[in-house]
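Trainee: Shown below is the structure under consideration.
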């Protein structure tokens, strides 16, 4: 009798479960569609702020949008929303792009012979590339660019001393970054 | 079954005779109980015989040798009371042998006395024809008249037997030197009841080892005599027929059954290895279906109902109808199996109500 | 990609000297220990040490520590396993496994193990973990697995040495004994030639930005499709179980079909009651596989335990039907149409449970 009751109840339970699954799947799909729309807007060079519950990839897309336009400070304010979601590949690519943006600034300063401006940017770029490699050692472009900026400072021998300082105080790594919110890693 | 029943409607005066059917039912059940003391393991045979008695129909018992056909009939005759006569069917039995007994008397003169059928006069209650298929067709035709009209002509006058019931038996083992009953004769029998060895192991053991069953004369003699009054049966039978009602639905149902017997293919009946379109030559006569309803009414009354249900029809269907179905000759050798399947499927296919 | 993975097939190759080439290999790229922290000064001693332990070293990439005197009583044995000590690039991750046998009652102080973070300006400790099990001679054997990442950007292939790990053993009395773990020297190579830096502008050529990837909706769409199919299947199952259209003619669910016709017919007065009862009778016929009469009920119910709960209702229906169809009662007098509908509902439910 208990088996019989189970038999007559099972299809109803299955329908409920399948309906729940379907609505969850549709909900997810709708969310991804909305994200994709933001992606496409960003890709077509419109500055659209991602919603609060955006995925790390979408926040990264926004950060990338800002970084290629040299709006590094704005992009760095998104760090918590990217790193906090725990996807190390996105984290690595975000830091890599930050490093690239810093490196571009540094190279630009070097080419303009503004060496004083270049040095802090190189330091920040190195830090960003290291953070990127910590998150994802497999990001070979980050290794390469870290190598590039490392040689950039080797061209400036006085930097060796600076590097020793950062090593000694690793916790203060980010304090040089303007606009970075406090209290985040 | 509602408590408003036969007695009430009788007092309402719808033309029913002034007898107590409830008393009759009590007697009928007592009769069954009495017969069942001698005949064990055959309750449905006893029930059918009771139905036949109250439906005022003749019965042909059929079965293997030694299953107790004769014992059953003797027990019924004994419990019924009334004059009882018995004759053995043989090849050389002639119709006159049933009516006249010719012999040489003490004085050496030839004398002719009334034969077995007439010996008890017109009060004869049961005429028991043993081994009917051994008798010649001439005998069959006399029996036909006796059954159909309950009368014979002898000694230059007509004899009428208003209370007569004919029981016949036939063993189905022997086919040598036998004369198959003509269709008309078979149609006159209300029922053809198959008697089989009881299946129940305890009952079979009892039948074989209990000395009570070894001496049939004592067994029958030990029964109460005349539980039923054979003279009242006609009237009781008529009262039953008028008091037990059949609804329109049931009438349609019986007609549908009849149609199914006549054209089984159309009713969706399928029997293995049988071409249903050519199986049936004749699927029950109107007289047969009338007998079916009569028997069904009696059965409903015995069950204490005042309405006929499909169950009643089903209970008496095979005994009443089976021997009235005539099959294509090529199927006759397998008749028993085919007819049983046909009757069973008829009730499986025809919707009720 | 981690360095350790790239080097996986080297892991089991003994770093220790192979016969014949021992002295060449033993010079540098092997783990060496606190006692010989300066590889140049201790070269001869190291070679001698390797010679003495050659059997052990050839068996696995494991080399025993030379024990400093004060710790000898507590730390019975030390050895370290490391990947191949060359071809290490900027950003590579490698794992050094140190095995330490500690004599009771001393035990390794896990809080004294180094914390993940920068070790030197070019080296990060990514993680450290230790396991503990029973070692030989009643000692406790600790396996310390430390994962490092190098950020050293060499201009040419150059040797680097990891700082030794500090091991601290304590006993219940609070006595502390410190010992140095192994350090590891390896050859790290540049990613690019030096010449490139002399080329001017191209030296600053950066790899392009990592572009955000337009997320694919495919997996979400597939999930929706799968969920949709599952929902349809479940619905079909439900419809099948309850004999809803298109399964309303399902032979095994006569009562489910009867519920509909009974409910429809039951509204139509006496005639409706009759057709409702007929529909229910047909359902019983279908369930029994033949025409079911009132007298057959006992056998019918005996075969169908799930219907037995409806025993009383079924018998009531058959009695009411007898009176309506074969007796002289009015249809529905004994069993109102609503009861008919209720009975067919519960029979349909019972039928699903068979």
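A short reminder: the numbers here are calculations on the coordinates, not readings from a lab. Bear in mind that the values here come from a model prediction, so they are computed numbers and not experimental data. Every residue, glycine among them, receives a Cβ derived from its backbone with ideal geometry; neighbour counts consider all protein chains shown.
Trainee: Viscosity 0.692 mPa s, temperature 37 °C: give me the Stokes-Einstein translational D for the stretch B:245-349 in µm²/s, with Rh taken as the Kirkwood radius over C-alpha pairs.
Mentor: Once the numbers are plugged in, D ends up at 236 µm²/s.
Trainee: May I ask you to sort A:16, B:343 by Cβ crowding, counting other Cβ atoms within 10 Å and putting the fewest first?
Mentor: Starting with the residue having the fewest Cβ neighbours, the order is A:16, B:343.
Trainee: A follow-up question, please. Would you calculate the separation in nanometres between label points at residue B:20 and residue C:143, each defined as 7 Å from the Cα along the Cα-to-beta-carbon direction?
Mentor: Each label point lies 7 Å from its Cα, and together they span 10.4 nm.
Trainee: Please compute the contact order of the stretch B:245-349 in relative form: average sequence separation of alpha-carbon pairs under 8 Å and at least six residues apart, divided by the residue count, as a percent. Intermediate results must be reported in sequence, preceding the final value.
Mentor: Numbers: 119 pairs, mean separation 37.8, N = 105.
Taking the mean separation of contacting Cα pairs over the length of the stretch B:245-349, I get 36 percent.
Trainee: If I model a spin label at residue C:250 and residue A:37 as a point 7 Å from the Cα along the Cα→Cβ vector, what separation in nanometres do I get?
Mentor: So the label points at residue C:250 and residue A:37 sit 4.2 nm apart.
Trainee: Please average, across the residues of C:291-298, the number of beta carbons from any other chain that are within 10 Å of each residue's own beta carbon, and give a whole number.
Mentor: Mean shielding count: 4.
Trainee: If you average the C-alpha positions of the stretch B:89-108 and of the stretch B:43-69 separately, how far apart do those two centres end up, in angstrom?
Mentor: Using only Cα atoms, the two centres lie 29 Å from each other.
Trainee: Does the stretch B:244-285 come out rounded, prolate or oblate, given a ≥ b ≥ c as the square roots of the eigenvalues of its C-alpha gyration tensor, rounded meaning a/c under 1.5 and, failing that, prolate meaning a/b above b/c?
Mentor: Prolate, since a/c reaches 1.5 and a/b exceeds b/c.
Trainee: What is the Cα coordinate range of the stretch A:49-154 on the first, second and third principal axes, sorted by size from largest, in whole angstrom?
Mentor: 43, 28, 16
Trainee: Turning to a different aspect of this structure: Taking the Cβ-Cβ separation of residue B:226 and residue C:267 as r and a Förster radius of 41 Å, what is the calculated FRET efficiency to the nearest 0.05?
Mentor: 0.10
Trainee: Between residue B:88 and residue B:204, what's the calculated FRET efficiency when r is the beta-carbon distance and R0 is 22 Å? Round to 0.05. The partial results should precede the final answer.
Mentor: Working: r = 28 Å, r/R0 = 1.26.
Computed FRET efficiency for residue B:88 and residue B:204: 0.20.
Trainee: Let me ask something additional. Working out 0.36 nm times the residue gap between residue B:214 and residue B:270, then minus their Cα-Cα distance, what length gain in nm do you get to one decimal?
Mentor: 15.7 nm
Trainee: Against the 2.2 N^0.38 Å scaling, with N counting residues, where does the stretch A:97-143 land? I'd like the Cα-based Rg ratio to two decimal places.
Mentor: Rg over 2.2 N^0.38 Å, computed on Cα atoms: 1.18.
Trainee: Put one equal scatterer on each alpha carbon of the stretch C:95-163, apply the Debye formula with no solvent term, and list log10 I(q)/I(0) at q = 0.12, 0.14, 0.22, 0.25 1/Å to two decimals.
Mentor: Result of the Debye calculation: -0.42, -0.53, -0.93, -1.08.
Trainee: Calculate, in nm to one decimal, what residue B:111 and residue B:151 gain on full extension: separation in residues at 0.36 nm each, minus their alpha carbon distance.
Mentor: My answer for the length gained is 12.0 nm.
Trainee: Take peptides C:300-308, A:131-139 and line them up by average Cβ neighbours within 10 Å, highest first, as a rough protection proxy.
Mentor: The densest-packed peptide leads the list: A:131-139, C:300-308.
Trainee: Between residue C:232 and residue A:53, what is the FRET efficiency for a Förster distance of 22 Å, r being their Cβ-Cβ separation, to the nearest 0.05?
Mentor: After rounding to 0.05, the efficiency reads 0.10.
Trainee: Is the stretch C:307-354 rounded, prolate or oblate when judged by the Cα gyration tensor, a ≥ b ≥ c being the square roots of its eigenvalues, rounded requiring a/c under 1.5 and prolate requiring a/b larger than b/c?
Mentor: Prolate, because a/c is 1.5 or more and a/b exceeds b/c.
Trainee: Relative contact order, percent, of chain B when contacts are C-alpha pairs under 8 Å separated by at least 6 residues? Kindly include the intermediate steps, with their values, before the conclusion.
Mentor: Working: 568 pairs, mean separation 77.6, N = 353.
It rounds to 22 percent for chain B.
Trainee: Simple spin-label model, 7 Å along Cα-to-Cβ: residue A:85 to residue B:234 in nm?
Mentor: 10.7
Trainee: Taking 0.36 nm per residue of sequence separation and subtracting the Cα-Cα distance, how much length would be gained by fully extending the chain between residue B:262 and residue B:122, in nm to one decimal?
Mentor: On the way: separation 140, 0.36 × 140 = 50.40 nm, distance 3.94 nm.
Length difference between fully extended and current span is 46.5 nm.
Trainee: Please list log₁₀ I(q)/I(0) at q = 0.07, 0.10, 0.11 Å⁻¹ for chain B, using the Debye equation with identical point scatterers on the alpha-carbon positions.
Mentor: Here the Debye-derived log intensity ratios amount to -0.32, -0.66, -0.80.
Trainee: Rounded if a/c is under 1.5, else prolate if a/b beats b/c, else oblate: with a ≥ b ≥ c from the C-alpha gyration tensor eigenvalues square-rooted, which is the stretch B:214-254?
Mentor: Working: a/c = 6.22, a/b = 2.35, b/c = 2.65.
Here the stretch B:214-254 falls in the oblate category.
Trainee: I would also like to ask the following. Remind me, what semi-axes does the stretch B:174-292 give for its equivalent ellipsoid, largest first in whole Å, using sqrt of 5 times each Cα gyration tensor eigenvalue? Provide the component values of the computation, followed by the final result.
Mentor: Numbers: eigenvalues 254, 133, 58 Å².
Working through the eigenvalues yields semi-axes of 36, 26, 17 Å.
Trainee: Would you mind ranking A:7, B:69, B:349, C:134 so that the residue whose beta carbon has the fewest other beta carbons within 10 Å leads the list?
Mentor: Least to most surrounded, the residues fall as C:134, A:7, B:349, B:69.
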